[in-house]
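Just so it is clear, none of the values below were taken in a lab; they were calculated from the coordinates. This one's a predicted model, so the numbers in the text were calculated from it and none came from an experiment. So basically every Cβ, Gly included, is an ideal-geometry build from the backbone, and we count neighbours across all protein chains shown.
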Number of protein chains: 2
Amino acid sequence: MNPKPFAFEVTARQGRARAGIIHTPHGIIPTPIFAPVGTQATVKAVTPAQLEELGVSLVLSNTYHLYLRPGAELIAELGGLHRFMHWPHPILTDSGGFQVFSLSETRQVDDDGVTFRSHIDGSRHRLTPELAIEVQEKLGADIIMAFDECAPPYDRAYNERALERTHRWAVRCLEAHTRTDQALFGIVQGGVFLDLREKSAQFLVSLDFPGYAIGGLSVGETKGEMHAVLELVDGILPEDKPRYLMGVGTPQDIVNGILRGVDVFDCVLPTRLARHHAAMTRNGRLNMMNAVYARDPSPIDPQCSCYTCRNFSRAYIRHLIVAREMLAATLLSIHNISTLIQLVNEARDAILTGTFDQFAAAFFALQNQSNV
Amino acid sequence: MNPKPFAFEVTARQGRARAGIIHTPHGIIPTPIFAPVGTQATVKAVTPAQLEELGVSLVLSNTYHLYLRPGAELIAELGGLHRFMHWPHPILTDSGGFQVFSLSETRQVDDDGVTFRSHIDGSRHRLTPELAIEVQEKLGADIIMAFDECAPPYDRAYNERALERTHRWAVRCLEAHTRTDQALFGIVQGGVFLDLREKSAQFLVSLDFPGYAIGGLSVGETKGEMHAVLELVDGILPEDKPRYLMGVGTPQDIVNGILRGVDVFDCVLPTRLARHHAAMTRNGRLNMMNAVYARDPSPIDPQCSCYTCRNFSRAYIRHLIVAREMLAATLLSIHNISTLIQLVNEARDAILTGTFDQFAAAFFALQNQSNV
């Protein structure tokens, strides 16, 4: 294999919003982009063929989960994650940092790494920056993440300590990383504290990563605080590197992120909501189990062009939910992912044609009209 | 709508095996055919698009389930079952007879019909031949079934009584049926008793149905008894009408049925086994949760050309099962349905080319070699 190098080009700008292309060994990612999450090497309830039909160009998967089960060695032995999950297009893996702090039963952080118990069977494990990179090299995603410590957004002292560690770990991740066909992104942390965020962005920029993630947002802070962090970081991160806002996936947050220079988004929201009977639309969510839909012949969203909306009524979706049929989760996942893919595609087209201001204005006007 | 009439033509014969075409208002069904079951207006865990890709030409759905939930009026209001479940191809509905006897909590049979309690909420309902037809006319399937009484296969007295009732109900179903774009099939009953089966087949033939189902098999009788019934009935039913062996879906039973003149098969087996982690192959089942597959890079069945076998390893399927991912049921359902579709397609091709004897011999030789 002779992998193409990783590259990013910004092809159009309007205000802070950018449209671009990320080149990876497994194909291009047009930005801005939304990546659905395949936590356990599968985007829940949908096949890779369905993701392709949805126009998905990037899938995220979780190092923490795959490290625990089935294990990175097994995936490497079977040809790597692309082949294992049959997604021959770009993949991004996170570092496991967030999950160690949010999912594991107990954990002890020291300067060298984190010791934790598996959420599956309680077994003891230890992740270090070096191991997080080793695991991600075995998985073989196109974009991988530095191992970081996630702190609660409002705890100043915790964020100060965690940031120092995250920065030292970023250096170690860079040193440990050997695969030239993967791009390793640094992660800006610092909670809601703008001086910490500034320090973090500046330090990571000095390390010259090929891309930057903005972590620790969408975890309880206000929209105003999220936007302030994005605006600050946007002024520090280099224009010619992609920016990835981790774990963000409502239509509102995505448009707000694009307005503030973000290129890449990921979130479990569309597939998780689908399993809880909720359909996403640009101006709110519909609880498809609601009896009001029992005889409703219209599609979930008349504006949507996805497989689900082209072919199935709200009444049918509700029937599947009430009858506890798995197809409900599949059809709702397809619709919800499609809602976000169509949104970023339209945003991209608007940036390319210089109409993003109008697009964003129309989008927010719709929000204000809606009672949802 | 100007529905085409229902018609059947036998295009080739070899021994008792037949290849033919059933014409319906929603398209043609090449026979012999296997129909996957969409009990609640969905073949569990697969989309209609996936069924089309599998080459499925006929889907079965259950009158009993749809009558209880969401109700036939609702489906009729939404344009009928084809539109409701987005299956614009042929559909067959059973009459509800079998489910009333196998699923409902308590039931009382009288000469007019059956009173039973719903398996969902215990509510009281009553199905009569007339109502079973009315419900099936509302659902709007291309092939519908007469309402029958199912008796335990070895209870002679019960079978004698039930058969009389089934025959009287068959007459009432014919009288009640008004839609000219549906074919109503009569159901041959009689348990394992050949004289009762003979009587049943002769009586139903005298009513001149456009097709005949063979019911009450694959419910505990021996293979020899099943074959004896099929051979007897094959000699009585008219050559120019399709024969449908209800609820039969193992590869062995299908080939044995084709050898004895059967044209149509249906069964929940492929999708039910899929949800219990079992992969069907022509010569046995694989429990895909077995640890022996943990690092197995080969497809479920190297001979199989389905989406699952073209793209995914046994190791990946096992990972999905262990991780409790819904995609496991989807990928296994696709494979299992495909196994039976490929089997009937090859059988059909063999009949058309005069090589069905060799095909059947090779098939049974494979069975004998296998230890499964």
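At-a-glance table
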{"item": "Charge context of residue B:259, other residues only, Cβ under 11 angstrom, K/R +1, D/E -1", "result": "-1"}
{"item": "Length released on extending from residue A:112 to residue A:160, taking residue separation times 0.36 nm less the Cα-Cα span", "result": "15.6 nm"}
{"item": "Long-range amide H partners of residue A:183 with built H, under 5 Å", "result": "A:143, A:144"}
{"item": "Ellipsoid semi-axes in whole angstrom, largest first, where each is sqrt(5λ) of the Cα gyration tensor of the stretch B:268-364", "result": "27, 13, 11"}
{"item": "222 nm mean residue ellipticity, helices alone, for the protein assembly as shown (DSSP H n ≥ 4; -39,500 (n - 2.57); rounded to 500)", "result": "-12500 deg cm²/dmol"}
{"item": "Cysteines, the protein assembly as shown, no other Cys beta-carbon under 4.7 Å", "result": "A:150, A:173, A:267, A:306, B:150, B:173, B:267, B:306"}
{"item": "Computed FRET value (nearest 0.05) for residue A:76 with residue B:272, which takes r as the C-beta separation and R₀ as 41 Å", "result": "0.70"}
{"item": "Per-residue HN-Hα couplings for the stretch A:12-20 [Karplus 6.51, -1.76, 1.60; θ = phi - 60°; Hz; x = Gly/Pro]", "result": "7, 9, 9, x, 8, 5, 10, 10, x"}
{"item": "Efficiency of FRET between residue B:171 and residue B:294 - r from beta-carbon atoms, R0 56 angstrom, step 0.05", "result": "0.45"}
{"item": "Closest approach to the B/A rotation axis among chain B Cβ atoms, residue and whole-Å value", "result": "B:326, 3"}
{"item": "Dimensionless Rg ratio for chain B, taking C-alpha atoms and the 2.2 N^0.38 Å reference", "result": "0.97"}
{"item": "Relative contact order, percent, the stretch B:268-364 [alpha-carbon distance under 8 Å, six or more residues apart]", "result": "30 percent"}
{"item": "Alpha carbon centroid spacing (whole Å) that separates the stretch B:1-67 from the stretch B:134-153", "result": "16 Å"}
{"item": "Chain B, relative contact order [Cα under 8 Å, separation at least 6], %", "result": "17 percent"}
{"item": "Relative contact order of the stretch B:1-159, defined on C-alpha pairs under 8 angstrom at six or more residues apart (%)", "result": "18 percent"}
{"item": "3J(HN,Hα) from dihedral phi, the stretch A:337-350, Karplus parametrisation 6.51/-1.76/1.60, rounded to Hz, x for glycine, proline", "result": "4, 4, 4, 6, 5, 4, 5, 5, 5, 5, 4, 4, 4, 5"}
{"item": "Shortest-first distances to equivalent copies, position residue B:297, nm, label 7 Å out along Cβ", "result": "5.4"}
{"item": "Test item: B:319-326 mean partner chain Cβ contacts at 10 Å", "result": "6"}
{"item": "Average other protein chain Cβ within 10 Å of Cβ, residues A:65-71", "result": "3"}
{"item": "Low-density loop positions, trypsin sites (Lys or Arg not before Pro), the stretch B:3-70 - DSSP coil, at most 15 other Cβ in 10 Å", "result": "B:16"}
{"item": "Under 29 Å, Cα to Cα: Lys pairs in chain B, sequence gap 8 or more or different chains", "result": "8"}
{"item": "Copies compared at residue B:223 - label distances in nm, ascending, label defined 7 Å from Cα in the Cβ direction", "result": "6.7"}
{"item": "Nearest-first distances (nm) between copies at residue B:155, label 7 Å from Cα via Cβ", "result": "6.7"}
